[in-house]
1. Compute a Gaussian network model of the chain, connecting alpha carbons closer than 10 Å, and tell me which residue from 65, 145, 28 fluctuates the most.
2. Starting from the Cα of residue 78, step 7 Å along the direction of its Cβ; do the same at residue 64; then give the gap between the two resulting points in nm.
3. Just check region 158-281 against the gyration tensor rule for me: Cα atoms, a ≥ b ≥ c as the square roots of the eigenvalues, rounded for a/c under 1.5, and otherwise prolate or oblate depending on whether a/b exceeds b/c.
4. Gaussian network model of the chain, Cα springs within a sub-10 Å range: biggest mean-square fluctuation belongs to which of 180, 172, 273?
5. Tell me the mean residue ellipticity at 222 nm calculated for the chain from its helices only (DSSP H runs of n ≥ 4, each -39500 (n - 2.57), averaged over every residue, nearest 500).
6. Take the Cβ-Cβ distance between residue 144 and residue 206 as r, set R0 to 25 Å, and report the resulting FRET efficiency rounded to the nearest 0.05.
7. In sequence order, what are the phi-derived ³J(HN,Hα) couplings for region 143-151 according to the Karplus relation 6.51 cos²θ - 1.76 cosθ + 1.60 with θ = phi - 60°, rounded to whole Hz, with x for glycine and proline?
8. Compute the relative contact order of the chain as a whole-number percentage, counting only Cα pairs closer than 8 Å that sit 6 or more residues apart in sequence.
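Every number here is computed from the coordinates shown, using simple stated rules; none is lab data. Predicted model, so just to flag it, every value in this text is computed and none were measured. So basically every Cβ, Gly included, is an ideal-geometry build from the backbone, and we count neighbours across all protein chains shown.
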Amino acid sequence: MSDVIWGLATSHVPSIGAAMDRGMTDQPVWAPLFEGYQPARDWLAQNIPDVAILVYNDHANGVDPDIVPTFAIGAAERYRVADEGFGRRAVPDVVGDPDLSFHLLHNLVDEGFDLTIFQELDVDHGFTVPLSVWTPDPGDAWPCPVIPIMVNVIRYPQPTAARCYELGKALGRAIASYQGARTVGILGTGGMSHQLAGSRAGFINVDFDLMFLESIEKDPEKLASLSREELIRQAGSEGIELIMWLVMRGALSEQVANVHTAYHVPASNTAAGLALFDNRVAQTD
Ligand code: DHB
Ligand code: FE
């Protein structure tokens, strides 16, 4: 039996990583965002799992945009940090856990989720920025091995929110059946509302984001019922990244305890949000 001990939802705006890499986090424009993260970072530092699963999307950096899997999983020993055009971020490469990857893959395929397998994968800001949000000073290594689960949000048609939520539930069952007493953290990344191009470039919807932050804890079914068109209308063409939060939420228990929520507008052209949940409430009741 393995237990999911926490779930972390966080935006992955590349400039958040750049601000950290360049020592700009104390500057007035950035300080409020990073102050908002601190309670979550403090709690996470006290609750390091044996392994983490990070649900993210690639932005045509690790994967050719002509071949985009709807869902995929990394099964490698290591994942390199991608060069997105400015050199690789000076953060550690990611250590994987192939044994758990193949366990998850096997169980998910048996449940009807036919994930593509990556034996080699460079991970971009969609992956490394959430790791930096979690662990600002990793030193030589991130706190634990991390398994990438990739979701297509950049090519139409993206998977539905409902399908992502169901994937999360299947993932939760697969984790639970993993032998060995292991603790697991799960990250759902991307969002919140933003649109980077087109006539609505710069679009942000604070009301929608605040609704999403509350409902991801209390009423994920409501979010899972949103169509892709509605998500894009309400959250912007890149705001559909929020479907990845539902994979994370599906892997948690129905009842979770909110540890910390943070929301800051804007980071780059994006609404940056974070929500951290302790998944051990139901088990200890
Ligand atoms: C930006 C890029 C992203 O992938 C994202 O999710 C948010 C913002 C950006 O380039 O500003
Ligand atoms: Fe993105």
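1. Between 65, 145, 28, it is 28 that shows the largest mean-square fluctuation.
2. In this crude spin-label approximation the distance works out to 2.6 nm.
3. Prolate is the answer for region 158-281, as a/c is 1.5 or above and a/b outweighs b/c.
4. Of 180, 172, 273, the Gaussian network model singles out 180 as fluctuating most.
5. After summing the helix terms and dividing by residue count, I get -10500 deg cm²/dmol.
6. 0.15
7. x, 7, x, 9, 9, x, 10, 9, 10
8. Result for the chain is 31 percent.
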